[in-house]
1. Taking the simple approach of a point 7 Å from Cα along Cα-to-Cβ for both A204 and A67, what is their distance in nm?
2. What share of the DSSP beta bridges in the chain is antiparallel, in percent to the nearest 5?
3. Determine, at each q value in 0.10, 0.11, 0.14 (inverse angstroms), the log₁₀ of I(q)/I(0) that the Debye formula gives when each Cα of the chain is one equal point scatterer.
4. Based on the Cβ-Cβ distance from D136 to S59, what FRET efficiency comes out when R0 is 30 Å, to the nearest 0.05?
5. Hull surface divided by four, with the convex hull built on the Cα atoms of the stretch 140-184: how many nm²?
6. On a 0 to 90° scale, report how tilted helix 151-162 is relative to the longest principal axis of the chain, with both axes built from alpha carbons and the result rounded to the nearest 10.
7. Where does helix 14-24 land angle-wise versus the long Cα axis of the chain, in degrees 0 to 90, nearest 10?
8. Given labels modelled 7 Å from the Cα in the Cβ direction, how far is it in nm from E76 to R127?
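Taken together, the values in this text are just the output of simple stated rules run on the coordinates, not laboratory data. The structure displayed is predicted, hence computed values, not measured ones. Every residue, glycine as well, gets a Cβ built from its backbone with ideal geometry; the counts of neighbours run over all protein chains shown.
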Amino acid sequence: MLRVGLTGGLGSGKSTVAAMLRELGAHVIEADALGREVMEPGHEVYDQIVARFGSEVVSPDGHLNRARLADLAFREGRLLELNAIVHPPVIEAQRRWMEEVFARDPAAIAVLESALIFEVARDARARGEKDGPLADWRRRIDRIIVVTAPDELKIARYVARLDPNARNKAVIEVDARNRLSHQVPDAEKTTQADYVLDNSGDIAALRVQVKALWSRLEAESNKSRQNLSLQ
């Protein structure tokens, strides 16, 4: 078994890498999907968010107004408040998922795709947590892959994805820069990464890197199955 964290800033291409790894045989889960699930009505996280942020973040259909919540978090400086509610249950859901994967397939390579692996640890330490799985990601992840790209390219990709007709390009660019400003810079992430993928080129160049990486992950997993050191 091998627990792999796949991360990268907004627009870096980590979701594309995750899809490639899934095609190669990895078990993949998206942290965003887990976050959306725990924020649905009926979950404790939903109740805590409404209690903290008020009824203005609730849409007429009873679900969270994610756009308004993001506005409060990123533009009004309440991101740490939101993360303190959402991160712990999402990390616990990730742990349960990995346990289920390895129970079915002890030789599995389980990949967690998350933009915020380093940010979860940073925010936990900011809240005064010195120990535990939130403050120390290596307690729950064996290997980290960081997908990098220049910030301007990330922003262009983000805009193209959200606004392909470029009708609100300026607004979305501002949003992208704001979100990036809250993420740990690539230069800092790469110093802690086990593997770095450069996604400043085309999809073919990225695929070559991912295939080579998959071979290395399989070798790492084989070491684990044979009880050999992963260091």
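1. Result for the modelled spin labels: 4.0 nm.
2. Bridges in the chain that DSSP calls antiparallel: roughly 5 percent.
3. For the requested q values the scattering log ratios are -0.49, -0.60, -0.98.
4. My answer for the efficiency is 0.25.
5. Computed as one quarter of the Cα hull surface, the answer is 4.0 nm².
6. So the helix axis and the longest Cα principal axis differ by about 70 degrees.
7. So the inclination is approximately 40 degrees.
8. 2.0
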